[in-house]
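Notes for the one structure printed next.
The values are calculated or read from the model by the stated rules, or taken from the named source; none is laboratory data. What you are looking at is a predicted structure, and each value in this text was computed from that prediction instead of being measured. Note that we place each Cβ from the backbone using ideal geometry, even for glycine, and neighbour counts take in every protein chain shown. All accessible areas refer to the heavy atoms of the entire protein, side chains included, with ligands and DNA or RNA removed. Shrake-Rupley method; radii C 1.70, N 1.55, O 1.52, S 1.80 Å.
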Amino acid sequence: MSGRVLLRAFAAPGLTIVLLPIVLVSWLAFFSQEIPSFPPEGHSLRWFSAAFSERKFASGFLLSAEIAALSTAIGLAVSIPAAIALQRFRFRGRGTLGSILLFPLVIPGVVLGAALYIFEVQAEKTTDLPLIGSYAGLVIGHVLIVIPWCIKLLGVSLSGLDRGIEEAAMNLGAKPWTTFRRILLPGIRPGLVAASLFGFVVSFGNLEMTLFLVGPGQSTLPIAIMQYLEWKVDPTIAAVSVVQIVLIGAALLLTDRYVSLSRVV
Amino acid sequence: MTRTTFDRENGSVLSAATLAAPATLLVAAGLVVPLAILLRYSLNQFIPGQFMTEALTLENYVRFVADPYFRGILGQTIGIAALVTAICIVIGFPLAYVLARAGGRFKSLLILAIVLPLFVGNAVRAAGWMIAFGTNGVVNYVGLGLGILNQPLEIMYTPTAVIIGIVAVNLPFVILSFQTVLEGISRSVEEAAFNLGAGPLATTRRIILPLAMPGIISGATLSFILTMNAYATPVLLGGPSFVMMGPLVYSQVMTQMNWPFGAAASFILMLATLVLTTIGHLIVQRRYSSGRN
């Protein structure tokens, strides 16, 4: 049918614009020459070893992974009870509470970063605690951006869970903690997996806010990539990107097995 | 918040307030308080060499609005946001429609193709465009090779590069917003229109677009906000002379160390975004509801 072909033709530019940068970065990682000029003189795998031996990327990767894991764990720990409160209890101010917890999502990254940085400087002045550029400051900032995603995803999962089972468990004499551990937690497993992976990816990829919070000489992977790109684009940075693309792709495929991706984003 | 009424009988001492307290306190202490301080500082004075002096003045806001340089940055950011959003709607809609009507493996693949770039980071995607737009980049190679271009284009460090870069960043969000509502529009509605003699164009304009309007509004709003706040893409593709609001806030706070002005710029950015998206909603709502009568 020609209408179908025509429709796909109209859809093609969108897909091209979305995928072209990823495809080009991935291609550049395999160029044999260093300068990103077309056509490539040949292909090579050597940039991957160059990428892995560049200390800044390796340490940035580790720091990003560490911060992401820690802030996702903390974010989940505080979001699970909060999501239960929002979904299973009726109380005054429930709507307000919900919007407060989603608030970090609507604040621009640079504004969030600026506010946290200035707050840290002032708090350090008053308390003498080393806060500026501290690890704790980084983690707190990242917990803030993880919380809204956890609340959203756990909320979807909780609202889909039949309340009757919880009530039955309680009626049969299960204490709230037992009900939570044996009924609720297994019931929202897909939501937990999605929230962990999403929280991790959101924290891992954050650039704007983190720029304000890292200490001197410290950098996360996105910051290391950004700083490198402000200087030049070459196959080494492309190889770093490819590693990241592959890891994130794997995480997304994994998430998709638990919660359909189109329902999450 | 402290007064809780359980909707089921439950002897537990756990109240909603206790459950929600840790997360709420974190967000309040970590976000609301710093934002309040930022707002307070935007009213302080900055005296070069002296850092910041306590004051209660609007001069930072006045300076921003009065200075054509800063006004230009805000205007440029708004202009780019509007243009990017328009392009995203036009390019994103057909793809979202294909996605909404697709099924099976093709659909999963398409979703992954759209969602993966979303998570790869703006800097990495900007790198892709740097490769495309360079003097010896793909665009010039293909253009010159096919004889479309007589001489290489200089796209890097132009507004065009920034616009294309941000469109690519926003498209996945826009497409997913569209797709959600398009999936909710039953096929039989389209078939009814066809059977009554409407062509594809008329069906799209008279049936699908009005029904999809909520999704179009939310997608467009998201795209507008994302562009207003853009950081990595304008820095990497626009170069040092092309400044948007995000990079301006960063340089004022971290490089110039002018906190009061950086704080004022932050709130001008958020206020402009809020006002413009609200106006946009009102206009669309009015036109949409009057079109139905």
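Here the calculated FRET efficiency for A:TYR135 and A:TYR258, from their Cβ-Cβ distance with R0 = 45 Å, stands at 0.90, rounded to the nearest 0.05.
Listed by number, the DSSP H helices of chain B that run 18 Å or longer by alpha-carbon position along their axis and have mean Kyte hydropathy of at least -1.0 are B:68-101, B:104-119, B:159-184, B:209-228, B:259-292.
Taken along its principal axes, the alpha carbon cloud of the protein assembly as shown reaches lengths of 80, 75, 55 Å, longest axis first.
Whole angstrom only: what separates the Cα centroid of the range B:228-262 from the Cα centroid of the range A:185-212? The range B:228-262 and the range A:185-212 have Cα centres spaced 27 Å from each other. Working value for chain A: equivalent-ellipsoid semi-axes of 38, 28, 17 Å, each the square root of 5 times a Cα gyration tensor eigenvalue, largest first.
Relative to the longest principal axis of the Cα atoms of chain A, helix A:235-258 runs at roughly 30 degrees. Buried on complex formation within the range B:234-255 (loss of at least 20 square angstrom of accessible surface versus the isolated chain, 1.4 Å probe, ligands and nucleic acids ignored): B:VAL235, B:LEU236, B:VAL249, B:TYR250, B:VAL253, B:MET254.
When +1 charges are put on Lys and Arg Cβ atoms and -1 charges on Asp and Glu Cβ atoms, the dipole computed for the protein assembly as shown relative to its Cα centre reaches about 1660 debye. Placing +1 on the Cβ of each Lys and Arg and -1 on the Cβ of each Asp and Glu in the protein assembly as shown, which of A:ALA51, B:GLY184, B:ASN136 has its Cα farthest towards the positive end of the resulting dipole? Of A:ALA51, B:GLY184, B:ASN136, it is B:GLY184.
Mind checking which of B:ILE217, B:LEU271, B:VAL167 is farthest towards the positive end of the range B:55-292's charge dipole, using Cβ charges of +1 (Lys, Arg) and -1 (Asp, Glu) about the Cα centre? My answer, from the dipole projection, is B:ILE217. R0 = 30 Å: FRET efficiency of A:SER32 with A:LEU62, Cβ-based, nearest 0.05? After rounding, the FRET efficiency stands at 0.55.
Report the full-extension gain for the segment A:THR16 to A:TRP231: residue separation times 0.36 nm, less the Cα-Cα distance, to one decimal in nm.
Stretched fully, the A:THR16-A:TRP231 segment lengthens by 74.7 nm.
Based on alpha carbons, the Rg and Dmax found for the range B:37-84 are 13.8, 41 Å. Over chain B, DSSP H runs of length four or greater, each weighted -39,500 (n - 2.57), average out per residue to a 222 nm ellipticity of -23000 deg cm²/dmol.
Using every pair of separate Cα atoms, the Kirkwood estimate puts the hydrodynamic radius of the range B:55-292 at 20.1 angstrom. Among A:GLN122, A:ALA83, A:PHE198, pick out the residue whose Cα is farthest towards the positive end of the charge dipole of the range A:54-264, where Lys and Arg carry +1 and Asp and Glu carry -1 on C-beta, about the Cα centre. Highest projection toward the positive end goes to A:ALA83. Treating r as the C-beta distance of B:ASP67 and B:PHE106 and R0 as 51 Å, the FRET efficiency rounds to 0.45. Spin-label model, B:LEU149/A:ARG4: points 7 Å from Cα along the beta carbon direction are separated by 3.7 nm. Along the Cα-to-Cβ line of A:ARG46, 7 Å from the Cα, sits a label point; which residues in the range A:216-242 have backbone N less than 18 Å from it? What the label zone holds, given the 18 Å backbone N cut-off, is A:234-240. The dipole here belongs to the range A:54-264: it is taken about the Cα centre, uses +1 on the Cβ of Lys and Arg and -1 on the Cβ of Asp and Glu, and is about 860 debye.
Our summary gives chain A a relative contact order of 32 percent, counting only alpha carbon pairs under 8 angstrom and 6 or more residues apart. Each part reduced to its alpha carbon centroid, the range A:87-128 and the range B:133-180 end up 37 Å apart. Rounded to the nearest 10 degrees, the inclination of helix A:135-159 to the longest alpha-carbon principal axis of chain A is 60 degrees. Value of Rg to Rh for the range A:1-102, rounded to two decimals, is 1.24; Kirkwood radius and Rg both from alpha-carbon coordinates.
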